[in-house]
Amino acid sequence: MSRLRVAIQKSGRLSERSLEILKNCGLKFARSKDKLFWYGQDFPLDVLLVRDDDIPRMLLDGVCELGIVGENIAREVMLERNGSDGMTCRRKLGFGHCHLSLAVPEDMEISSASELEGLRIATSYPSLTRDLLAKKGISTEIVELSGSVEIAPGLGTAEAIADLVSTGSTLRANHLRELEVLFHSQAALYCTTRSIDDEKQGLLDRFLSRIEGVLQAAESKYVMLHAPREALDKITALLPGVEHPSIMPLEGSDRIAIHAVCGETVFWEHLEALKAVGASAILVLPVEKMLA
Ligand code: PRT
Ligand code: ZN
């Protein structure tokens, strides 16, 4: 019988959330002694726990059919391998947000990326940086470093850097200033584009539909409220991400009950606006599972 393989980061910023998504898909695993391979017990999907940098290459080499990795790394490897053949991004996952930014020493008198023309840029993302700068018509010398990129200007190995930033505190601690964001990144689910047999394809479709359900449920809220019948249109328009709510009459009242799954974040402002058009008894509940 066919089995699928998904590669996720073994230990690092993406590990916990990647595993949480798999567990929320209802998957249970038997862990191997070396903890690098987890066997899926009630769904034929096994997990490979590896360094994040290895995930795109494993997908491209056909070692696994699925992988959860930062778009920054996936794009870098895809460009290294001359394009995106072999893997495709199926779904952004809404965590691991960061951006690849150009940064320069605080005291460097420069206001735009174009002024970096001909200078040296240190980065761990040489292909991505070269590609993004080329798209802006800027040609620079790329100095590839595997880590501690932020110390390169201080050491004199480069005039500027292109590195991942989330809070900006690493840049500040190294007296660097963010000049321009080149690329926004988050964790994403990548899928092989190699042809797989029908049985595997069936498993893949089932898994993708579960993941979609998990992610949609995480983004959704179930809203229940009472309202005057004539306010139905206004209420529907105010419920974020809702087109067709369920309507129920209330015994012995001219008011109705409205239930709806809101596909977008429900803020206090939404509830206040609903109340202002006559809604009462408003309840907002989390959604645990969804299957379209
Ligand atoms: O061992 P392995 O190779 O698997 O892990 P790793 O150390 O290479 O990766 P890890 O766990 O640090 O990051 C995994 C992924 O998380 C990255 O590929 C990004 O997609 C995402 N991510 C999100 C980040 C950051 N935020 C981030 N801030 N990756 C790295 N950083 C680093 C950045 O390189 C810089 O050194 O954090 C520093 C900047 O952070 P701030 O908050 O000071 O701006
Ligand atoms: Zn890594």
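How about segment 100-210: which strands (runs of 3 or more DSSP E) wholly inside it have at least 3 residues that are without any contact (Cβ under 8 Å) to a residue 40 or more places away in the chain and within 19 Å of L79 (Cβ to Cβ)?
Values: elements: 120-123, 141-144, 160-165, 176-185, 187-192.
Because the criterion is at least 3 residues that are without any contact (Cβ under 8 Å) to a residue 40 or more places away in the chain and within 19 Å of L79 (Cβ to Cβ), the strands (runs of 3 or more DSSP E) in segment 100-210 that meet it are 141-144.
Scanning segment 114-164 for residues that are within 15 Å of ligand 2 (Cβ to nearest atom), among the small types (G, A, S) and in contact with a strand residue (DSSP E or B) (Cβ under 6 Å, 6 or more places away or on another chain) yields a count of 0. Being charged (D, E, K, R) and closer than 30 Å to L171 by Cβ is a property that R90 lacks.
Against the list (1) part of a loop (DSSP other than H, G, I, E, B); (2) polar (S, T, N, Q); (3) farther than 26 Å from R90 by Cα, the condition T265 fails is (3). Pairs meeting the criteria (first residue in segment 71-93 and on the phi < 0 side of the Ramachandran plot and of a type in the set (S, T, Y), second residue part of a loop (DSSP other than H, G, I, E, B) and open to solvent by 10 Å² or more (accessible area, probe 1.4 Å), beta carbons under 8 Å, at least 6 apart or on different chains) are T88/T193.
Does segment 49-67 contain at least one residue that is under 14 Å from L4 (Cβ atoms), open to solvent by less than 50 Å² (accessible area, probe 1.4 Å) and in a strand (DSSP E or B)? The answer is yes, given that some residue of segment 49-67 is under 14 Å from L4 (Cβ atoms), open to solvent by less than 50 Å² (accessible area, probe 1.4 Å) and in a strand (DSSP E or B).
Condition check: touching a Pro at 6+ places or on another chain (Cβ under 9 Å), open to solvent by 60 Å² or more (accessible area, probe 1.4 Å) and not acidic (D, E). Does R177 satisfy that?
Working: touching a Pro at 6+ places or on another chain (Cβ under 9 Å): yes; open to solvent by 60 Å² or more (accessible area, probe 1.4 Å): yes; not acidic (D, E): yes.
The answer is yes for R177.
In the set (1) under 18 Å from I161 (Cα atoms); (2) open to solvent by 50 Å² or more (accessible area, probe 1.4 Å); (3) assigned to a strand (DSSP E or B), C89 fails one condition alone, (1).
Outside the structural domain of R17 (by TED's automatic domain parsing), in contact with a Ser or Thr (Cβ under 6 Å, 6 or more places away or on another chain) and either exposed (fewer than 13 other Cβ atoms within 10 Å of the Cβ) or among the β-branched types (V, I, T) (or both): is that true of V261 in this structure?
Numbers: outside the structural domain of R17 (by TED's automatic domain parsing): yes; in contact with a Ser or Thr (Cβ under 6 Å, 6 or more places away or on another chain): yes; either exposed (fewer than 13 other Cβ atoms within 10 Å of the Cβ) or among the β-branched types (V, I, T) (or both): yes.
Yes, satisfied.
Of the residues making up segment 219-258, those that are touching a His at 6+ places or on another chain (Cβ under 8 Å), open to solvent by less than 30 Å² (accessible area, probe 1.4 Å) and either part of a loop (DSSP other than H, G, I, E, B) or charged (D, E, K, R) (or both) number 3.
For (1) over 26 Å from N24 (Cβ atoms); (2) over 35 Å from the mean Cα position of the chain (by Cα); (3) modelled with pLDDT under 95, each residue gets a yes or a no:
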| position | (1), (2), (3) |
| --- | --- |
| V223 | no, no, no |
| G241 | no, no, yes |
| S246 | no, no, no |
| E251 | yes, yes, yes |
| I256 | yes, yes, no |
| G263 | no, no, yes |
| A279 | yes, yes, no |
| I282 | yes, no, no |
| E288 | no, no, yes |
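Filtered by the rule that a residue be in contact with a strand residue (DSSP E or B) (Cβ under 8 Å, 6 or more places away or on another chain), open to solvent by 80 Å² or more (accessible area, probe 1.4 Å) and within 16 Å of ligand 1 (Cβ to nearest atom), segment 12-35 gives R17, K35. Is it the case that G96 is assigned to a loop (DSSP other than H, G, I, E, B) and within 16 Å of ligand 1 (Cβ to nearest atom)? Yes: the conditions hold for G96.
The values are calculated or read from the model by the stated rules, or taken from the named source; none is laboratory data. In this text the structure is predicted, and so the values were computed from the model without any measurement. Neighbour counts are summed over all protein chains in view; Cβ atoms, including those assigned to glycine, are modelled from backbone coordinates with ideal geometry. Heads up: the accessible areas ignore ligands, DNA and RNA and are worked out on the full protein's heavy atoms, side chains in. Shrake-Rupley method; radii C 1.70, N 1.55, O 1.52, S 1.80 Å.
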